[in-house]
Amino acid sequence: MLIKLEKIEKIYEIGTVQVPALRGINLNVEKNEYIAIMGPSGSGKSTLMNIIGCLDTPSSGDYLLNQHNVSTMDDDQLAEIRNREIGFVFQTFNLLPRASALHNVELPMIYNGTPAAGRRKMAEEALEKVGLADRMHHKPNELSGGQRQRVAIARALVNRPSIILADEPTGNLDSRTGDEIMEIFEGLHEQGNTIILVTHEEYIAEHSNRIIRLRDGMVERDESVH
Amino acid sequence: MVLTDTFHLALSAFRSNKMRSLLTLLGIIIGVMTIIAMQSLITGLRKSINEQVSSLGSSVFQVQKFPAINMGPHDHDKYRNRKDITYADALAVRERVTAAKAVGAEVWNWGAELRYKDRKTLPNIQLAGVTPEFLENNGLEIAEGRFITAEDVDLNVAVTVIGADVVDKLFPFEDPLGKDIKLMGRRFEVVGIFEKKGSAFGQSQDNRIAIPFFQFTRLYGKERSINITVQAATPALVETATEQTIGVMRTQRKVKPGIENDFEIYSNETITGFFDNITKYVRIVAIAIASISLLVAGVGIMNIMLVSVTERTREIGIRKSVGAKRSDILWQFLIEAIVLSELGGLIGIMLGLGIGKLVDALTPIPAAVPVWTVFLGLIFCSFVGLVFGVYPALKAARMDPITALRYE
Ligand SMILES: Nc1ncnc2c1ncn2[C@@H]1O[C@H](COP(=O)(O)OP(=O)(O)OP(=O)(O)O)[C@@H](O)[C@H]1O
Ligand SMILES: [Mg+2]
């Protein structure tokens, strides 16, 4: 089992008001699954993704990733998990604006001590994989939205993580560009990667093998797709 | 994260905010510039004074009645009442100071007047009655002819060696060698000419002449204190020679134990030592001012780093989301602060050097910067960057990844 979530709760406190975003999520993910998470706005999809991606920590509950209990880890250990096990693709790309595509893709490897030469080669390969061989030295503001998202995907997969997480990766793109991005995810899935993505679009969710629907911070439905 | 990566990051951060960074660095620039310019001025002044007062040869010191620098006017009586230093003292020193190589006796008159045919000098010629050691012990050289020999002194021959100014005045169109000049009505044959020395503190050092010691006493009497010049056998023996000389002089003059010397020891270091004493306070004040400006600069750097951390919250979030540890972020901002202040230091050093060069070019002061101040300046700047960069860097390092990513 790659991911095992047990009774994950997340409660935000705004002043004295407590906002429960996740209310007891149980979820198991196997290797090479392709999962789409759906649900109305505010249902807790992003909160869940951030917890799975070790960007955020649950208020209670256990999270086992590759049999490691992530809920007990400190900041630096979590940073290492984010670096090695997780590739995160955001709706808003989150690229360094002043750095080239190549440097953005190199970034995760800078933080795990990959020597400069090897780093560059791997980043180039990752960019080729997403079809951006000819845009390596462009900065984000010199790229289209779809191209930016491809850079972000290249960055997410360059460290060969156990799992690729994507929170509405096509949310800021038109449908044709969205389809191109989805093709890339499909390819990655075929190569054996585990993918979890959040989407509002049924037709995008249909690319996956399994759809999990959230409502009010709980799993409403969990079904396989064929 | 590799150090070179961090370093590149720091430089690119500076490049993207040139104007703001430069303004922040003004404090550091001015502080470092002050220190460097000050140092180069003082060092230059010291060097120039050193050159000008190097009236003695190397490893030479001099025994004299009056101190070289007389500070309190009320002390003057004390010195004047001292016994004169005599030729007998010089002989005793020559005989008993074993660490000495050459001991000379010299006696001065600062207002002699010379004549040659119908020409004459002003009555301001520095006249020395000398022994042969005079030449080397005063760091002088002969340009033409010869110097006064032991034989000249022993046989009391009326010969003289004259300085360049005297040559210009009395022998504008003739070769002075072999000619007789007149001093107090007596004839002296010119046997040599001193090498030109130039001026010290605006005063020519070339309007002097030397005659054998006893020629001098015959003209002016023996009631004059003489100077004894002692050249140590080696530079290492200067101290021994000094101690021995003091011992001999005290015995000669019957100074009781526990009573202070009734004569002065003068060396080239006497004046530079005096100068160092004065400039010590100038240095301290300059360093204090510079330190305050560096402190202010440090606060400026802290401020700009805090702004930078806030502005780059998203960047920090992105870096953390792909695996940057706290220490990675800490070093990134710390190195940025250090590089920033070092850049200011470099500019300050450059400006300081520039001021030194300008002073060097426009004034007679040979301003020069000791290398250690440059290094000290840089180290100091790194220190300022480090101290004032820690807090902003810690703030950046402690950011929560998801909060940082969401920051607008
Ligand atoms: N930082 C926060 N502080 C307080 N409440 C928060 C915070 N982040 C999320 N929430 C709340 O948690 C709930 C879940 O939010 P979340 O972002 O996970 O929703 P979502 O399913 O991703 O919605 P969307 O489809 O609009 O992206 C919401 O009610 C939201 O208001
Ligand atoms: Mg969301």
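The values are calculated or read from the model by the stated rules, or taken from the named source; none is laboratory data. Keep in mind the model is a prediction, meaning the values are calculated, not measured. Neighbour counts run over all protein chains shown; Cβ positions are idealised from the backbone, glycine included. SASA here: full protein model, heavy atoms, side chains in, ligands and nucleic acids out. Shrake-Rupley method; radii C 1.70, N 1.55, O 1.52, S 1.80 Å.
Numbers at a glance
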quantity: Output for region A:175-226, where each listed residue is exposed (fewer than 13 other Cβ atoms within 10 Å of the Cβ) and among the basic types (Lys, Arg); calculated: A:Arg176, A:Arg221
quantity: Extreme residue, nearest to ligand 1 (Cβ to nearest atom), among residues of region A:142-162 that are away from chain B (no Cβ under 14 Å) and buried (at least 24 other Cβ atoms within 10 Å of the Cβ); calculated: A:Gln149
quantity: Cβ-Cβ under 6 Å pairs, at least 6 apart or on other chains, region A:111-127 side within 12 Å of another protein chain (Cβ to nearest Cβ), far side open to solvent by 60 Å² or more (accessible area, probe 1.4 Å); calculated: A:Tyr111/B:Met1
quantity: Residue list for region B:89-114, filter: in contact with a Lys or Arg (Cβ under 9 Å, 6 or more places away or on another chain), of a type outside the set (S, T, N, Q) and farther than 14 Å from B:Gly163 by Cα; calculated: B:Asp89, B:Ala100, B:Ala102, B:Val103, B:Gly104, B:Ala105, B:Val107, B:Trp108
quantity: Residues being away from ligand 2 (no atom under 16 Å from the Cβ) and among the basic types (Lys, Arg) - total across region A:25-73; calculated: 1
quantity: Residue identified as over 39 Å from the mean Cα position of the chain (by Cα) and touching a residue at least 24 places away in the same chain (Cβ under 8 Å) among B:Arg314, B:Arg319; calculated: B:Arg314
quantity: Criterion: in contact with a helix residue (DSSP H, G or I) (Cβ under 9 Å, 6 or more places away or on another chain), among the basic types (Lys, Arg) and either surrounded by fewer than 17 Cβ atoms within 10 Å (Cβ to Cβ) or not in a helix (DSSP H, G or I) (or both) - qualifying residue of A:Arg119, A:Arg82, A:Arg98; calculated: A:Arg98
quantity: Test set (1) within 11 Å of ligand 1 (Cβ to nearest atom); (2) farther than 17 Å from A:Lys10 by Cβ; (3) of a type outside the set (Ser, Thr, Tyr); (4) open to solvent by less than 30 Å² (accessible area, probe 1.4 Å) - A:Gln91 fails condition number; calculated: (4)
quantity: Of residues in region B:223-245 being in contact (Cβ under 8 Å) with a residue 12 or more places away in the chain and surrounded by fewer than 16 Cβ atoms within 10 Å (Cβ to Cβ), the one nearest to B:Thr86 (Cα to Cα); calculated: B:Glu223
quantity: Count - residues of region B:294-326 that are open to solvent by 40 Å² or more (accessible area, probe 1.4 Å) and at the interface with another protein chain (Cβ under 8 Å from one of its Cβ atoms); calculated: 3
quantity: Checklist (1) out of contact with any Gly (no Cβ under 8 Å at 6 or more places or on another chain); (2) charged (D, E, K, R); (3) within 15 Å of ligand 1 (Cβ to nearest atom) applied to A:Glu33, failing item; calculated: (3)
